[in-house]
1. Hey, can you tell me all the residues within region 91-123 that are of a type in the set (D, E, K, R), touching a Gly at 6+ places or on another chain (Cβ under 8 Å) and either assigned to a loop (DSSP other than H, G, I, E, B) or on the phi > 0 side of the Ramachandran plot (or both)?
2. Filter region 158-189 down to residues that are in a helix (DSSP H, G or I) and surrounded by 17 or more Cβ atoms within 10 Å (Cβ to Cβ), then give me how many there are.
3. Of (1) free of Cβ contacts under 8 Å to residues at least 40 places away in the same chain; (2) part of a loop (DSSP other than H, G, I, E, B); (3) surrounded by 12 or more Cβ atoms within 10 Å (Cβ to Cβ); (4) not hydrophobic (A, V, I, L, M, F, W, C), TYR75 satisfies all except one. Which?
4. Pairs, please: C-beta under 7 Å, at least 6 apart or cross-chain, first residue more than 15 Å from LEU128 (Cβ to Cβ) and in region 78-105, second of a type in the set (A, V, I, L, M) and in a strand (DSSP E or B)?
5. When region 168-189 is examined, which residues are found to be β-branched (Val, Ile, Thr) and at pLDDT below 95?
6. Taking the criterion of being surrounded by fewer than 16 Cβ atoms within 10 Å (Cβ to Cβ), within 23 Å of GLN160 (Cβ to Cβ) and touching a strand residue (DSSP E or B) at 6+ places or on another chain (Cβ under 7 Å), would at least one residue in region 37-59 satisfy it?
7. Inside region 9-36, can you point out the residues that are open to solvent by 60 Å² or more (accessible area, probe 1.4 Å) and either touching a residue at least 40 places away in the same chain (Cβ under 8 Å) or hydroxyl-bearing (Ser, Thr, Tyr) (or both)?
Amino acid sequence: IEPVLRGQALDLTYTDSLADLNPAALGSYDCVLIFANHTEISPAQERALIEYVENRGGLAAIHCASYCFLNSPEYIALVGGQFKSHGTGVFQETIVDGEHPITKGLEPISSWDESYVHTKHNEDRQVLAERREGDHKEPYTWVREQGKGRVFYTAWGHDQRTWQNEDFQHLLERGVRWASGDWAMTAEA
């Protein structure tokens, strides 16, 4: 995804070190994107991430990020929900808020992916898209604000079948921009 986002004038720095969850490192960025399977976070790292968001930082939590840091109820609330289970298959989302700056004008994503079901839902969020299965409407992409910061989450993104999907790429770009702040939405390439 890095070349795609760089092509949209988004500069990325990759790390897999939880040691980078500290005030000095986080303060260098407009948005932190989490796509990882770390199950624990230290109290200092948790505090740094929460304070970063509350003081105007952005968080883009993608797919498995909703199953990170299981020892932190604060992180789960920050993201807006926690992964519970999944199946797999090809499905299409239903956009339920087509007027939000992230989803306005976007096409619904259709792709093979893991069909996430969430638990520990934070009701202080705005659902943008759902995965519908029969009568069940699973929140699939949402946003929330905490303090002065913004959080974008989508359950999409298990593997290259979704990451190479242009509709997902557009969603991710807009999600990162929105989480970064209004100024980033107008800075599109």
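The values are calculated or read from the model by the stated rules, or taken from the named source; none is laboratory data. Every value quoted in this text rests on a predicted model; they were computed, and no experiment measured them. Reconstructed Cβ throughout: ideal geometry from the backbone, glycine too, with neighbour counts over all protein chains shown. Heavy atoms of the whole protein, side chains included, go into the accessibility calculation; ligands, DNA and RNA do not. Shrake-Rupley method; radii C 1.70, N 1.55, O 1.52, S 1.80 Å.
1. Across region 91-123, the qualifying residues are LYS104, LYS120.
2. So the count comes out to 17.
3. Result: TYR75 fails condition (2) only.
4. Filtered contacts from region 78-105: LEU78/LEU59; LEU78/VAL151; LYS84/VAL117; SER85/VAL117; HIS86/VAL117.
5. Hit for region 168-189 is THR186, nothing else.
6. no
7. Matches in region 9-36: ALA9, THR13, TYR14, THR15, SER28, TYR29, ASP30, LEU33, PHE35.
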